[in-house]
Every structure is written in C-alpha cells, then in structure tokens.
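Everything below concerns the one structure shown next.
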Amino acid sequence: MYTLYWSPGSASMAPHGVLEESGARYDLKLTSVDAGATRAAEYLKLNPYGKVPTLVAEGGFVLFESAAIAMFIADRHPAAKLAPGPDEMARGHFYQWLVHLTNTLQPAMLRFYYPERVADVSAEVSVKAVALEEIAALWSRIDAHLAAHGPYLLGARFSAADLFAHMLSTWQMSCPGIYERFPAVKRLTDLVAARPAIQRVLKLNEE
C-alpha cells in the first residue's frame, strides 16, 4: 500500500500514472503547491525540500523525486511491464531516457518557469529566452528519435519513461506549439493519454 502526496499539474503526474498503471493499491494525499501545502511543517517532515511528489510505503518508507518513484514502482511491480527487466539490454535505454528527461529537459523547463532561481531580476528575461531555445532543441532531438525509432521511447515498448515524457509535454508554456512542431512527440503523448489508467490520472489533474 502506498500514499502519494501530489498536486495538480505538477511533477507528481508521472508517478501517479506509474502507480495507476502498476495496479498497486494506493491513496492520494492532495498537497496543493498553490495553496502552500508543501511548506507545512508536517509535510516538511516527510520531504524537507518542500516539493511534490512524495511517496510513503509500508513501514514508513519515504521516497521523493519523480523519476526515483517511477523506477521504484516499476521495479516493485514487474508484472505491469513498466520497465525492461534488469537482465535486458533495453533496461539501459530505459535508464537513459528517464534520466535525460529528469536531468536535462526538466531542469531547462524549470529555468523557464523560475528564472529568479538562477539570475537576478535584470537577467530573468534573457534566462527565459535561452531556456526556450534549449527546451525546443531538446524536444526536437526527442522528436527525431521517436520519428525514427518510436512510437515510444523504447520503440514498440511502452514504459514509465513515456509517462514522464507525457507529463513534461503538458508544461506547454515552456515550448509553445509543441504538438504542432513535433509530431512524433504528439503521437507519443496521444498514445499515453489514451491509456485507461492515464485517463483516470488526467481527469484528476484537470479538475
């Protein structure tokens, strides 16, 4: 049994999707970023960084970081086939894409949304402009990979990495017109969004 602390439209969407796809029993604990719930003392005891998501499992086990939660759930529920097995070569590409999304693309997106974290007020406009260019270039490379080797990041094989890519694609202010500009990315996100489990997740995030 798991509890996922989440907030609509945040980085909790991918772990939420992984949980729903896994078939595991879990509860959701709404922790609204906009309402300041991530700064509450009780929440900070779980996640001192004051961000979502946070996962709590049996025995008081606590885990944060979206990609880590995705890998953890995929490994604990192998029957859901959310990741290649440890003995498969494709496991390396699963790691590659999930780490690329969380370590390269997502930070660029965060520089667009929160330029004040990396520059003073006088430089915020230029930080956002550079981030927009970088984000588009990264999506372009992902799009080229998907066009040549898709429809999923692992080819014909759906994985938790696709849930992470779908989540980031919904942060559209950081890449205006993403689906029009990158048709293979749109094909991927359409496939993910059509999955019954993800339909349930999207409904909650849109409410």
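Bear in mind these aren't lab numbers, they're just calculated from the coordinates by the rules spelled out. Note that this is a predicted model, so its numbers are computed, not measured. Note that each Cβ is placed from the backbone with ideal geometry, even for glycine, and that neighbours are counted across all protein chains shown.
Label reach from A144 (point 7 Å along Cα→C-beta): in region 101-130, no amide nitrogen lies under 16 Å. Charging the Cβ of each Asp and Glu at -1 and of each Lys and Arg at +1, and nothing else, the dipole of the chain about its Cα centre rounds to 220 debye. If only the Cβ of Lys and Arg carry +1 and only the Cβ of Asp and Glu carry -1, the dipole of region 67-142 around its Cα centre is close to 200 debye.
Placing dummy labels 7 Å off each Cα toward the beta-carbon, the span from S32 to Y114 is 2.0 nm. For the chain, the relative contact order comes to 22 percent (Cα pairs under 8 Å, sequence separation of at least 6).
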